[in-house]
Amino acid sequence: MSFLFWYFALINLVTFSIIAVDKQLAVNQKRRISELNLLLPSVIGGALGSGLAMLLFRHKTSKESFLLRFYAIIVIQILILFGLYNFGIIKF
C-alpha cells in the first residue's frame, strides 16, 4: 500500500512538472516536449497530475487530437480498475 501511494504521488508530480515545463517552452517559443512524452507518464499513472496541469496552465486544452488521446487513456484506466475490482483483484 505504501509503495503504491508514493509511486502515484511521484508519477503525478513528475507528470505535472513535465506539462508545466512544456508550457514554459511554448511561451518562450523554444523546442517543445513531444506529445508522446507528455502522454506516456499519464499512461503509467500520472493522468491526474497531467489533467490538473493542463487545467492550471491552460496547456493543450484546445488541441483536440491530444485531448482525445488523453481522455482515451483515462477511460481505459477506469475500465481496467473496474475490471480488477469486479474480479476481486483489488478492493477499495
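The values are calculated or read from the model by the stated rules, or taken from the named source; none is laboratory data. Since we're looking at a predicted model, the values are computed, not measured. Cβ placement follows ideal geometry from the backbone for every residue including glycine, while neighbour counts extend to all protein chains displayed. With ligands, DNA and RNA removed, areas are computed over all heavy atoms of the protein, side chains included. Shrake-Rupley method; radii C 1.70, N 1.55, O 1.52, S 1.80 Å.
Summary table below
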| read-out | value |
| --- | --- |
| The chain, relative contact order in percent, only Cα pairs under 8 angstrom and at least six apart counted | 28 |
| Given (1) 14.0; (2) 17.6; (3) 14.9, the label whose value is Kirkwood radius over Cα pairs in Å derived from this model | (1) |
| Percent carbon-and-sulfur accessible area, the chain, ignoring ligands, DNA and RNA, probe 1.4 Å | 72 |
| Distance between modelled label sites at I90 and V21, nm, 7 Å Cα→Cβ extension | 2.7 |
| Given charges at Cβ of Lys, Arg, Asp, Glu: the chain dipole, positive-most of I90, F57, I76 | F57 |
| Cβ-based net charge around D22, under 9 Å, with every Lys or Arg adding one and every Asp or Glu removing one | +3 |
| Karplus 3J(HN,Hα) series, Hz, for the stretch 70-79 with 6.51 cos²θ - 1.76 cosθ + 1.60 (x for Gly, Pro) | 5, 5, 4, 4, 5, 4, 4, 5, 5, 5 |
| ³J(HN,Hα), Karplus 6.51/-1.76/1.60, whole Hz, each residue of the stretch 45-60, x for Gly, Pro | x, x, 5, 5, x, 5, x, 5, 5, 4, 6, 5, 9, 6, 10, 6 |
| Rounded if a/c under 1.5, otherwise prolate or oblate - the stretch 35-88, Cα gyration tensor axes | prolate |
| Dipole of the chain, positive direction: furthest Cα of W6, N28, A47, with charges on the beta-carbon | N28 |
| Accessible surface, per residue, of the chain when the full set of protein chains is kept, probe 1.4 Å, Å² | 74 |
| Helix 2-27 axis, angle to the chain major axis (alpha carbon atoms, nearest 10°) | 20 |
| Rounded to the nearest 20 debye, dipole of the chain from Cβ charges on Lys, Arg, Asp, Glu | 260 |
